[in-house]
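Report on one structure; see the data block that follows.
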Amino acid sequence: MSRAQELITYFGMKPLPVEGTYFINTYISDAMTTAGGPAGTAGLGLYLREPSSISTTHVLEFDEVWHYYEGDPIALYEFHLDGTARTIILGRDLAAGQVMQHTIKAGVIQAGEVAPGGEWSFYSCTMSPGFIASCFRGVTKDELRGKYKGYEEIIERMGVPDGHETDLPNDYVNERFKG
């Protein structure tokens, strides 16, 4: 069994709806916000090159902090409302400009995958307030086309297909690791 499959099996990760990332919650705060969601959440994610496991383009209502753990580097793509886009590489090679932690601000469209040349990546994401289904919206290719010069191939490959569901079910709660 590969290390990636070992992690998926051990933590019981399953693909997220809309996105496809292997994911499992590891922490859901018992404290609640005034809006009724958890005060904070944390979860583990895993990207695979084959079969493809990526975070399709989406936007969150709250800041999300990414933490790199192991495997190959991760390419995170940010698409800003002002028409700028950038790529952040999460990994261990600090001298090459990789970072081990990165925050994607609320309202910034994002996507992620194993960086080119890699096979798998293991990471975590934390949010406060915590993740709830209503804070997520998938972003379609059509919403992004023609707006981000130099990112056309990424948009076509990682954008939510036009006509595909972009919202998580209101009662969606990812399973929690019971380890």
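The values are calculated or read from the model by the stated rules, or taken from the named source; none is laboratory data. Only a predicted model underlies this, so the values are computations on that prediction, with no experimental measurement involved. Here Cβ is always computed from backbone atoms with ideal geometry, including for glycine, and neighbour counts include all displayed protein chains. Heads up: the accessible areas ignore ligands, DNA and RNA and are worked out on the full protein's heavy atoms, side chains in. Shrake-Rupley method; radii C 1.70, N 1.55, O 1.52, S 1.80 Å.
A Förster distance of 25 Å, applied to the separation of the beta-carbon atoms of Met100 and Gln5, puts the FRET efficiency at 0.55. Listed by chain and number, the lysines whose alpha-carbon sits under 28 Å from that of Lys141, ignoring those within fewer than 8 places in the same chain, are Lys14, Lys105, Lys149. Computed from the C-beta positions of Thr26 and Asp82, the FRET efficiency with R₀ = 35 Å rounds to 0.55. Measuring nothing but how far apart in sequence close Cα pairs (under 8 Å, 6+ apart) lie, relative to its length, region 1-151 scores a relative contact order of 29 percent.
With a 1.4 Å probe rolled over the protein heavy atoms of all chains, the accessible area of Glu6, Glu19 falls in the order Glu6, Glu19, largest first. Mean residue ellipticity, 222 nm, helices only, the chain: the sum of -39500 (n - 2.57) across DSSP H runs of n ≥ 4, divided by residue count and rounded to 500, is -2500 deg cm²/dmol. Charging the Cβ of each Asp and Glu at -1 and of each Lys and Arg at +1, and nothing else, the dipole of region 80-179 about its Cα centre rounds to 360 debye. Gaussian network model of the chain, Cα springs within a sub-10 Å range: biggest mean-square fluctuation belongs to which of Ala31, Ala95, Ala111? Taking springs between Cα atoms under 10 Å, the residue moving most is Ala95.
Here the extension length gained between Asp171 and Lys149 equals 4.2 nm, from 0.36 nm per residue of separation less the Cα-Cα distance.
FRET efficiency for the pair Asp142 and Asp63, taken as 1/(1 + (r/R0)^6) with r the Cβ-Cβ distance and R0 = 45 Å, rounds to 0.95.
About its Cα centre, the dipole of the chain is roughly 220 debye, where the only charges are +1 on Lys and Arg Cβ and -1 on Asp and Glu Cβ. Accessible area per residue for the chain, computed on protein heavy atoms with a 1.4 Å probe, is 50 Å². Here Cα extents along the principal axes in Å was computed from the coordinates, and among (1) 60, 40, 26; (2) 74, 37, 30; (3) 43, 39, 31 the match is (3). Full extension of the chain between Glu156 and Glu70 yields a length gain of 28.2 nm, computed as 0.36 nm times the residue separation minus the alpha carbon distance. For region 60-105, the relative contact order works out to 43 percent when only alpha carbon pairs closer than 8 Å and six or more residues apart are counted.
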